[in-house]
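Worksheet for the structure shown next.
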Amino acid sequence: MYVEAVAMLPQLYMFQRQATDEGGTIEPLIGHTMFAVGSSRIFELIFWLGSFRELADHAGSKYPGYIVLLSQIGHLVIMADFFYYYVKSMARGLPMELPTSYASYV
């Protein structure tokens with residue numbers, strides 16, 4: 001579970017790089033897949049919030065529960081930027097586009 005949160009970083013980097021090469025446009029299948037993976041983390045966070053008491057009772061300390069919740073929240077923070085552009089593109093009914101930096105034009 002902890003590796004999943006960090007494993008998303010290279011995927012997001014390659015995703016951004018591909019978008020820069022193609023003028024900011026993302027293939028719909030990739031965008032929907034990334035949104036589904038990110039959305040699953042929301043449900044995992046809900047699950048772990050409900051299981052927090054069990055983790056604290058079993059280990060005798062609240063630290064395992066805090067570490068799990070911090071991992072889940074950290075992953076959602078990493079994905080927040082993607083969620084914003086995904087929802088913005090879907091609301092307009094257009095292909096997903098990520099912003100390109102000024103440095104990519106220089």
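Here are some notes:
- Axis of helix 28-59 versus longest Cα principal axis of the chain: the two differ by about 10°, to the nearest ten degrees.
- Distance cut-off 19 Å, percentage of C-alpha pairs in the chain lying past it: 51
- Separation of the range 10-32 and the range 56-92, taken as the distance between their Cα centroids, equals 22 angstrom.
- Rounded, prolate or oblate (a/c below 1.5 giving rounded, otherwise prolate when a/b exceeds b/c) for the range 1-53 by Cα gyration tensor: prolate
- Computed [θ] at 222 nm, deg cm²/dmol, the chain (DSSP H ≥ 4; -39,500 (n - 2.57); rounded to nearest 500): -27500 deg cm²/dmol
- Residue order by solvent-accessible surface for Phe52, Phe82, Phe47, Phe35 is Phe47, Phe35, Phe52, Phe82, largest first, with ligands and nucleic acids left out and a 1.4 Å probe.
- Sorting Lys62, Lys88 by solvent-accessible area of protein heavy atoms yields Lys62, Lys88, largest first, with a 1.4 Å probe.
- Among Ser40, Met90, Gly65 - extreme Cα towards positive end, dipole of the chain, charges at beta-carbon: Gly65
- Surface composition of the range 1-90: carbon plus sulfur atoms contribute 69% of the solvent-accessible area (1.4 Å probe, protein chains only, all chains present).
- Dipole magnitude of the chain, debye to nearest 20 (Cβ charges: Lys/Arg +1, Asp/Glu -1, about Cα centre): 220
- Solvent-accessible surface (1.4 angstrom probe) belonging to Met1, in square angstrom, nearest 10: 70
The values are calculated or read from the model by the stated rules, or taken from the named source; none is laboratory data. Just so it is clear, the structure is predicted and the values come from calculations on it, not from any experiment. In this analysis, Cβ positions are derived from the backbone assuming ideal geometry, glycine residues included, and neighbour counts consider all displayed protein chains. To get the accessible areas, we keep the full protein, side chains included, count just its heavy atoms, and leave off ligands, DNA and RNA. Shrake-Rupley method; radii C 1.70, N 1.55, O 1.52, S 1.80 Å.
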